[in-house]
Structures are given as structure tokens and as C-alpha cells.
Amino acid sequence: MSEIPAKAGASEGPSGAASARHAGSAPRGGGSGPESGGAGQPAQADVWQSSPPGSIYDYIKVASFSIGPDGLIDQWSRRAAQILGVGTEDAVGKDPIEAFVPADLRERGHRKMAEILDGREWTGVVPFRAPGGGADESAADAEARTGLAEVYVMPTLTESGERAAVCIVVDVRTLRRIETDLAASQAIFGQSPFGFLLFDTDLKVQRANRTFTAVFGGHVDDHRGRTVHDYLPRHEAERVQGALRRVLESGEAVTDMQLVGTAPDSVERRHWSVNLYRVHSGSGRPIGIAGLVTDVTRRHAAAREAAHARRNLALLNEAGARIGNSLDLETTARELLDIVVPGFCDLASVDLYQGLLAGDEAPPGLADGSAELRRVAAASAVADIPFLDLGSEAPVNVGAVHRFAFNSACADALRTARPQLLPAEPGGLVRSTLAVPMVAHDTVVGLVQFSRTKGSEPFGERDRAVAVELAARAAVCIDNARLYRREHERALILQRSLLPPDNPEASGLDIACRYLPGNAATEVGGDWFDVIELPGHRTALVVGDVMGRGLRAAVAMGELRTAVRTLALLDLEPAEVLSALDEIARGLGTPGGVQQATRAARRTGAPERGDLSEVYLATCVYAVYDSVTRRCTFANAGHLPPVLVEPGEGALMLDVPPGMPLGVGGEPFEEVEVELPEGSLLALYTDGLVESRDHPLDEGLSSFRAALDAPPRAGTTRTHSEELEDICDHVLGSLDTHHGEDDIALLMARVQGLPEENVGDWTLPREPKSVGRAREYTRERLTDWGLEALVDTTELLVSELVTNALRYGEGEIRLRLLLDHTLVCEVWDAGLVQPRRRRARDTDEGGRGLQLVGLLSAAWGSRRTPRGKTVWFELALPDGDSGLVDPTEALLSLF
């Protein structure tokens with residue numbers, strides 16, 4: 001009977017560990033417990049091994065007991081006590097049928113027991129009810145003590161030859177649960193739409209499901225023992241092998257590991273997502289790694305499409321934000337290339353029709369794509385390799401003018417206004433090129449080429465649509481820049497045509513002037529300056545600035561400049577000139593002028609100048625310089641004050657009341673008269689010289705005065721005019737960092753008064769004898785000046801003006817002769833009636849005096865003075881080339 005307990009105990013697993021250590025048990029190899037020799041080491045034959053924790057016996061819960069020849073239990077294992085809930089003292093010596101089988105089944109149980117003791121095996125399910133409970137036992141507790149046991153009874157013999165039995169008992173509920181778990185595990189593993197792999201601790205495949213074999217071929221058993229190197233390229237296999245080791249060692253799962261490879265018998269690149277996690281036994285011992293493999297090729301393609309769409313949207317959004325910020329053709333083209341290289345392509349270029357750039361609306365050959373183009377921009381992201389047109393041997397440099405061959409794809413794109421995909425040349429650097437016409441307002445303005453080199457994905461339909469959109473946006477901006485450049489150039493021509501010549505001349509002044517337009521990207525402005533010769537060797541100096549920019553400001557400037565010249569010829573006082581200009585500026589924005597605008601405002605009940613947005617506002621300073629007295633009269637309409645530099649003194653801003661800008665109206669202008677010392681420097685300027693966004697106005701004015709205080713050192717052989725030109729250049733160079741945003745007008749005048757010996761001034765009483773005295777004074781002074789050739793003509797005209805002053809004027813008469821680059825004669829009196837030339841009839845005895853003055857003089861006129869009027873005439877000095885008019889012939893021509 002001693003054998004039966006040993007055999008029974010050996011089948012119990014950990015719960016029967018004591019019996020497993022008895023002699024006579026066969027050793028089990030391959031164990032991983034402490035008695036094992038370790039991985040790769042041979043097990044010692046004399047070491048008894050037990051099943052490691054978490055073996056199958058722990059799950060099945062197998063128990064055993066033995067029945068003696070008398071049919072009573074003589075051995076009862078601890079596992080049997082655990083499963084059936086009956087202790088050894090309550091089981092040994094009991095009849096198992098009477099103890100555990102329900103009463104209605106006992107008769108049948110006794111028959112089966114007799115058969116077993118007769119030497120027959122038996123297997124069956126036996127309901128049992130563990131002893132215990134009482135009268136107060138609940139139904140749940142009673143159900144818990146009731147169960148089904150699957151019993152396997154094996155006949156045996158005792159040492160004495162008597163028949164006995166060994167019984168193995170398994171809890172049926174545990175078996176059913178294990179069967180359910182195995183079925184569920186098999187269903188999940190075998191029926192999963194994802195590939196399942198189970199790796200052992202040696203990182204070899206132990207199991208693979210059918211989904212995995214459907215991709216990689218073979219039967220599920222064919223994959224047993226393989227490694228990841230059998231499925232993936234070397235670099236990907238090494239990456240997965242490393243991940244498997246980390247999971248096995250650390251227990252940390254790997255999720256969504258992306259792999260790229262090809263399936264057997266296929267060249268298509270597939271993308272897989274792999275999830276790895278460590279698998280443990282019931283006791284927590286690592287027994288392998290499970291891998292879930294999902295084919296994400298479609299998802300990866302969809303993600304790529306979405307990424308491309310996002311990239312393209314971002315590209316178009318960036319293009320909308322960055323292209324067209326500058327109204328410059330080349331800058332706009334470069335903005336396009338800055339966006340697409342390298343984000344969209346590796347090489348790119350922009351070609352525009354040369355004729356359109358020159359201002360032609362439809363240059364010859366534009367329709368068939370054979371017209372000349374100019375490359376305005378090119379970009380390369382491949383090791384500074386220039387853009388190389390397909391089919392050409394050398395790159396077209398930026399700025400070069402070229403043509404596309406008539407049968408080329410680029411010419412076809414220009415003809416049809418449709419993009420063309422250019423085939424790559426064998427062995428060339430460029431892999432794919434898109435030639436996209438630039439269409440703006442139904443007009444092809446040029447061509448943009450996008451190229452991708454080796455290593456980049458060739459262009460597809462999606463890229464074609466993006467390229468067309470990019471080219472269209474750039475085309476509109478470039479066409480706008482082209483139109484703006486044309487209008488800008490026209491405005492510049494208009495503006496420059498309204499400015500005085502480079503070297504204006506003035507009596508008693510050396511003049512130097514500069515006009516600098518703003519940056520090329522800015523619109524033309526309304527700055528202007530002018531030097532106007534007035535009678536009596538006087539000079540009007542004008543500097544103005546129309547507020548605003550563009551052609552509108554340039555036209556307004558031209559109108560105001562013309563008005564200033566017209567008013568200056570009337571010889572009005574500076575304040576009167578600005579008052580008249582103010583009225584003109586107020587009427588510039590209204591077709592009917594200021595009076596119609598005023599009437600309309602009164603009809604609507606609105607303030608007379610309530611809407612200043614429609615008013616042409618301008619600032620202006622108007623100065624009249626008299627070279628005889630060296631006095632200058634200033635009037636200012638909201639302009640920056642003039643700057644005066646006296647000899648040996650620092651630059652000083654003249655205190656001229658600023659007044660209101662022209663166009664505002666309602667305020668009178670004040671005059672200030674300043675005596676200018678000999679050799680002093682007067683500077684008039686616009687705000688572009690001293691004002692900038694980078695610094696305040698006061699800082700610019702200080703810099704301007706500092707530049708005037710330290711003029712360049714003049715050479716000993718230089719004239720005053722040349723020295724003044726150097727001062728202008730010095731000022732602009734010193735303030736170079738402070739301008740460029742606005743136009744600059746600078747007018748500088750060096751005072752050189754008329755010498756006293758060049759002036760003849762006499763006062764004549766109101767009597768007839770004064771006519772003869774006037775002729776006498778004139779003859780003597782002209783003789784002193786060496787102008788004998790002008791004596792007869794001057795005497796005749798002086799006598800005519802003095803006679804008119806005696807006949808029609810008032811008060812005493814003043815005669816003045818001025819000699820500079822011309823000879824000027826002025827006759828002053830206190831009368832207010834202006835002389836008027838009329839045409840005398842043949843029978844009239846008089847009325848031809850002013851006609852004679854007009855015939856013999858180079859110019860004549862009259863002007864009002866604070867105490868009357870002045871009538872003057874001007875004679876050109878004899879130069880030997882032009883002959884003088886004979887007074888006798890001129891007088892006879894009147895009859």
C-alpha cells in the first residue's frame with residue numbers, strides 16, 4: 001500500500017510537494033525552478049524537480065485518494081481535502097459512496113465500486129456534497145458545498161495481492177472554465193482580423209494565426225521557430241529584435257511601432273503597426289512576448305494624403321500672406337520662390353514677358369508663346385545648383401532675355417495657358433518639372449517652372465493643382481506690380497517734368513537743388529520746389545509738399561506749381577500768393593471749384609469744410625528775395641521753417657509763423673521780412689529729408705542743422721556754385737540713414753547781393769523837366785557801365801515811362817536802373833492805376849508808348865507796391881551775336 005500514496009501525491013503539483021520529494025518519482029527535465037541547471041545547462045540526474053509555480057496542475061486542480069480492498073478510503077490527499085472540503089480525519093476509513101454520493105445514487109455507486117474492485121477502470125462525473133452546514137445554513141452556502149467531480153478510478157493491487165483502487169479527482173467546474181478560456185483564447189488568436197504572433201523567451205515564433213499567414217504565406221505550423229529576420233529587411237528586423245528584447249527584459253509594452261517592408265511574392269511597400277507586450281504564466285513568470293501586427297498601408301496612405309493636403313493648404317495660406325506685399329516685380333517673384341523652395345520643389349524659376357515689362361499691352365508673339373521673356377527670379381535648394389531648363393545646355397541667368405523653342409513644352413504651356421509636365425531627361429539631375437503659365441485677368445504674363453530632383457517624389461495631379469493656384473496668385477500680384485510700375489513711371493515722368501531745371505539761375509543768388517524720389521516700392525509723392533525770376537532782379541523761392549501719394553498727389557502738385565508760377569508773374573506779395581493758393585487747393589477736389597463746393601455744403605447744411613478727406617491738402621513756403629536790398633520776405637502754409645546759416649554762425653531755424661496748410665481755408669497768412677547777410681546760406685526743404693518712422697522730427701531737424709554747421713571743406717579753386725553743390729551732397733549723405741520712405745526736395749541758395757555800383761537810383765519831382773533829367777541820368781549811368789549800345793533805346797523807354805508817371809500817376813517819381821545779367825529799369829510813383837496797353841488807330845496822335853516799350857524791351861510789366869505801383873522794362877545785354885532793335889525802325893513800325 002505504500003506505492004499508492006506516492007503515485008497519488010506525485011500528481012498533485014505544488015499542493016503535493018511533500019509526496020513529490022519521495023524516492024521513486026521520475027525526474028522531469030527542462031524545469032526552470034531553482035533545481036534547474038539554467039538555460040543551456042544540462043540537468044543533473046540526481047536532482048529532483050517539481051513543476052514551477054503556475055503549471056497546468058494549478059489551473060486544473062487535480063486531487064487523488066486511494067481505496068483499500070475493503071472499499072474504504074485508506075489514503076486522502078490534501079488537494080482532495082481542498083477540493084471536496086473534507087479533511088483527512090473525516091475521509092479516511094469512510095465508504096466514499098456513503099460519504100459523498102447522494103442517497104438516490106448510492107445503490108448504483110455500490111455496484112460501480114464492486115466492479116472497480118473486480119479490476120475494471122471507470123471514469124465518470126459524480127455529484128458530491130461536502131459535509132458541513134447545519135440547520136441555519138443558507139441556500140447559497142449549500143450550493144457552494146455542492147459540486148461535480150470527474151473521477152478517474154484505476155484498479156491496483158496491494159503488496160499482498162488484494163485488489164484496491166487509486167482515484168484521480170478533478171473539479172468539473174474548473175475544467176469547464178478552462179475549456180471556455182481555451183476556446184475563447186483560440187477564437188481570439190485564430191479568428192482575429194489582425195496578425196498574431198507569440199514569441200518564446202528566445203524570441204522565436206511559437207504560434208502564428210491565419211491572418212498572419214495570409215500575408216506571409218505558409219501554414220501556421222510553418223512559422224514555428226522563425227525569427228523577425230525571416231519577414232523584414234535587415235534594418236527593420238534589427239529594430240524589431242531590439243524592441244522584443246526590451247519588452248522581455250523590462251515588461252514595458254511597445255505600441256504602434258511603424259514598420260515598412262514587402263510581403264512575399266510582392267514588390268508593393270507595405271506599412272505595419274506592431275504592438276508588443278510580455279506574456280506571463282499564472283504565477284507571473286514571463287513565458288514569451290505577444291505581437292499584434294496590423295496592416296496600416298491604407299491608413300498610412302490616407303495619412304500621407306491628409307499631410308499633403310495640410311501642407312498644400314499651409315503653402316497656399318503662406319502664399320496668400322507673403323506674396324504681393326511689395327509692388328515690385330522682382331520682389332514679388334522672389335517671394336513666390338521663397339515659399340515653394342524647398343517646401344514644394346527643389347528648383348524653380350520665374351520668366352515674364354519682356355514686352356509686358358516694357359509697358360506693351362500685347363507684344364508680338366505673345367499668343368504663340370514665342371515672344372521674348374526675361375528671367376526675373378530663380379532659386380535652388382540643391383547644393384547651390386542653378387536652375388537648368390530642360391533641353392538647354394546652360395542655365396538662363398536672372399535678368400537674361402531668352403525665348404522658348406516653338407515646339408517646346410514651355411512654349412505650349414504659354415500658348416494654351418495650361419500647365420505641362422515636362423519629361424525628365426535620362427541621367428539628368430531633374431526628375432520631374434511642371435511648367436505652369438502665369439495667368440492674370442485672362443492674360444498670360446509669364447511662366448513659372450517647378451522642378452524636383454532625384455530623391456524627391458515626382459509631381460502628381462495634386463501637385464499640379466497646387467502649382468496652378470500658386471502661379472495664379474503670383475500672377476495677379478505680378479500683374480498688379482507691373483501695372484503699378486507703369487503708372488509709377490508715368491507719375492515720375494509727370495513729376496519730373498514739373499520740376500525746374502537742374503541749374504536754375506537767380507539774380508543775386510547761387511542756387512543748388514536736389515530732388516530724390518522715395519524707395520522704388522513707394523508711390524510717387526507730391527513734393528516740389530521752384531525758382532521763379534521776378535521783375536527788379538528779385539527771385540521767388542518755393543518749396544511745397546502735397547499730402548498723400550500716387551498719381552493724384554503728383555497731379556495736384558502740378559496744378560499748384562502752375563498756380564504758383566501764374567501768381568508769381570502777377571507779382572503779388574507772398575501772403576497773397578498763399579491765400580490764392582489756398583483757394584485753388586480747396587477747389588481741386590471739386591469739378592466746379594471751391595465756390596461750387598461751398599454752395600453744395602451750404603445747401604446740405606454741412607460745414608463748409610466738414611469733409612477734409614476730399615480736400616487736397618498741401619504745405620508750402622513762399623519766399624521773395626530782393627538782390628538789391630538783400631531782404632527776403634517769407635510766408636508759410638504749414639511747412640517746416642527755413643534754415644539760415646550766416647557766415648561764422650551756426651544754423652538757425654527762422655521764426656516764420658507756420659500758418660494752416662493749403663486747402664484748409666479760413667485763416668490768413670503772415671509775412672516775415674528778414675535781411676540776409678552777404679554770403680549767408682538759405683535752405684528750404686520738405687519733410688522727407690528730416691522725418692522718418694525711425695526717429696522723431698526734432699532729431700531729424702537737429703541732424704540737418706548739424707550737417708549745415710559742418711559743411712565739406714571747399715577747395716581754393718572752386719566757385720561758389722560748386723561749393724554749394726558739395727554742401728547739398730554732404731547734407732544728403734549725412735542724412736542718408738534718415739530718409740528713403742518719402743520724397744525729398746532740397747533747395748539751397750547762397751546770398752550774393754547786387755553790388756551798389758550796379759544800382760542807379762534817383763528821385764524825380766513831379767514836373768515836366770524830370771523827363772529830361774531821367775534821360776540824362778540814364779545816359780550817364782549806362783556810359784559808366786560801358787553799355788553805350790543801349791543808351792538810345794533805354795533813353796527812349798525811360799522817357800516814355802516817366803512821361804506816363806507824370807501824366808497818369810501821383811506823387812514823386814523814382815527811377816532805378818539795375819545791372820545784373822540783364823538791364824532792368826523801374827519807374828515808381830504813388831498812383832494805383834495800372835498801365836494798360838491798347839492798340840492805337842492810324843489817326844490817333846498818342847497811345848503808342850506802351851506798344852513801343854513792348855517792341856523794344858525783352859519784357860515789361862507793372863506791379864503794385866505798398867505805396868503805389870512800379871512800371872518796369874528789361875533789356876538783354878549786348879553779347880555781340882544778336883543785334884539790337886533800332887528805335888527808329890520800331891517807332892516807324894507802329895504807323
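The values are calculated or read from the model by the stated rules, or taken from the named source; none is laboratory data. In this text, all values refer to a predicted model and were calculated from it rather than measured experimentally. No Cβ is skipped: glycine too gets one built from the backbone with ideal geometry, and neighbour counts run over all protein chains shown.
Check residue 221 against each of (1) at pLDDT 90 or above; (2) out of contact with any Phe, Trp or Tyr (no Cβ under 9 Å at 6 or more places or on another chain) and name the one condition it does not meet.
Single failed check for residue 221: (1).
In segment 628-648, how many are at positive phi and crowded, with 23+ Cβ neighbours inside 10 Å?
Final tally of qualifying residues: 0.
For the structure I just gave you, tell me whether residue 349 is outside any helix (DSSP H, G or I) and either modelled with pLDDT under 85 or farther than 25 Å from residue 407 by Cα (or both).
Criteria not met by residue 349.
Out of all the residues in segment 671-694, which are acidic (Asp, Glu), touching a helix residue (DSSP H, G or I) at 6+ places or on another chain (Cβ under 9 Å) and not in a helix (DSSP H, G or I)?
671, 691, 694
Can you tell me which condition residue 187 does not meet? The list is (1) of a type in the set (A, V, I, L, M); (2) surrounded by 11 or more Cβ atoms within 10 Å (Cβ to Cβ); (3) within 30 Å of residue 60 (Cα to Cα), and all the others hold.
Exception for residue 187: condition (2).
Please go through segment 301-321 and pick out each residue that is under 22 Å from residue 337 (Cβ atoms) and hydrophobic (A, V, I, L, M, F, W, C).
The answer is 313, 314, 315, 316, 319, 321.
Quick test of your reading of the structure: residue 262 fulfils all but one of (1) in contact with a Leu (Cβ under 7 Å, 6 or more places away or on another chain); (2) modelled with pLDDT under 85. Name the failing condition by number.
(1)
Against the definition (touching a residue at least 60 places away in the same chain (Cβ under 8 Å) and not aromatic (Phe, Trp, Tyr)), how does residue 251 come out, yes or no?
Taking the combined requirement at face value, the residue does not satisfy it.
When you look at residue 299, is it closer than 25 Å to residue 266 by Cβ and of a type outside the set (Ser, Thr, Tyr), yes or no?
yes
For residues that are crowded, with 17+ Cβ neighbours inside 10 Å and charged (D, E, K, R), scanning just segment 465-483, find the one that is nearest to residue 450 (Cα to Cα).
473
Residue-wise test of (1) exposed (fewer than 14 other Cβ atoms within 10 Å of the Cβ); (2) touching a strand residue (DSSP E or B) at 6+ places or on another chain (Cβ under 8 Å).
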site: 295; (1), (2): no, yes
site: 312; (1), (2): no, no
site: 316; (1), (2): no, no
site: 329; (1), (2): no, yes
site: 334; (1), (2): no, yes
site: 343; (1), (2): yes, no
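Taking residue 398 as the residue in question, decide whether it is in contact (Cβ under 8 Å) with a residue 24 or more places away in the chain and β-branched (Val, Ile, Thr).
Criteria not met by residue 398.
Does residue 745 satisfy being hydrophobic (A, V, I, L, M, F, W, C) and in the same structural domain as residue 534 (by TED's automatic domain parsing)?
Answer is yes for this residue.
If you go through segment 556-580 one residue at a time, how many are in contact with a strand residue (DSSP E or B) (Cβ under 9 Å, 6 or more places away or on another chain) and either of a type in the set (Val, Ile, Thr) or not assigned by TED's automatic domain parsing to the domain that holds residue 684 (or both)?
Qualifying residue count for the region: 2.
Can you name every residue in segment 556-589 that is assigned to a helix (DSSP H, G or I), surrounded by fewer than 20 Cβ atoms within 10 Å (Cβ to Cβ) and of a type in the set (Asp, Glu)?
Answer for segment 556-589, where residues must be assigned to a helix (DSSP H, G or I), surrounded by fewer than 20 Cβ atoms within 10 Å (Cβ to Cβ) and of a type in the set (Asp, Glu): 559, 576, 583.
Please determine whether any residue of segment 443-456 is surrounded by 16 or more Cβ atoms within 10 Å (Cβ to Cβ), among the β-branched types (Val, Ile, Thr), touching a Gly at 6+ places or on another chain (Cβ under 9 Å) and farther than 19 Å from residue 380 by Cα.
Checked segment 443-456: at least one residue is surrounded by 16 or more Cβ atoms within 10 Å (Cβ to Cβ), among the β-branched types (Val, Ile, Thr), touching a Gly at 6+ places or on another chain (Cβ under 9 Å) and farther than 19 Å from residue 380 by Cα.
Please go through segment 444-476 and pick out each residue that is over 18 Å from residue 404 (Cα atoms) and part of a strand (DSSP E or B).
Scanning segment 444-476 gives 452, 453.
Please go through segment 649-670 and give me each residue that is surrounded by fewer than 19 Cβ atoms within 10 Å (Cβ to Cβ) and assigned to a strand (DSSP E or B), ordered by number.
Across segment 649-670, the qualifying residues are 652, 653.
Return the pairs, sorted by first residue and then second, in which the second residue is assigned to a loop (DSSP other than H, G, I, E, B) and β-branched (Val, Ile, Thr), the first residue lies in segment 452-473 and is farther than 17 Å from residue 305 by Cα and assigned by TED's automatic domain parsing to the domain that holds residue 317, the beta carbons are less than 9 Å apart, and the residues are 6+ apart or on different chains.
From segment 452-473, the pairs are 453/382; 453/385; 470/323; 473/323.
Got a sec? Which of 88, 158 is in contact with a strand residue (DSSP E or B) (Cβ under 6 Å, 6 or more places away or on another chain), under 23 Å from residue 61 (Cβ atoms) and at pLDDT 80 or above?
Testing whether each residue is in contact with a strand residue (DSSP E or B) (Cβ under 6 Å, 6 or more places away or on another chain), under 23 Å from residue 61 (Cβ atoms) and at pLDDT 80 or above leaves just 88.
Of 290, 253, 208, which residue is exposed (fewer than 14 other Cβ atoms within 10 Å of the Cβ) and not charged (D, E, K, R)?
Going through 290, 253, 208 in turn, the sole match is 253.
Could you give me the residue pairs with C-beta distances under 7 Å whose first residue belongs to segment 576-600 and is over 22 Å from residue 548 (Cβ atoms), whose second residue is assigned to a helix (DSSP H, G or I) and modelled with pLDDT under 90 wherever it lies, and which are 6+ apart or on separate chains?
Cβ pairs passing all conditions: 577/568.
Please pick out the residue among 756, 795, 780, 776 that is more than 30 Å from residue 528 (Cβ to Cβ) and either at pLDDT below 90 or not assigned by TED's automatic domain parsing to the domain that holds residue 851 (or both).
Result of the check over 756, 795, 780, 776: 756.
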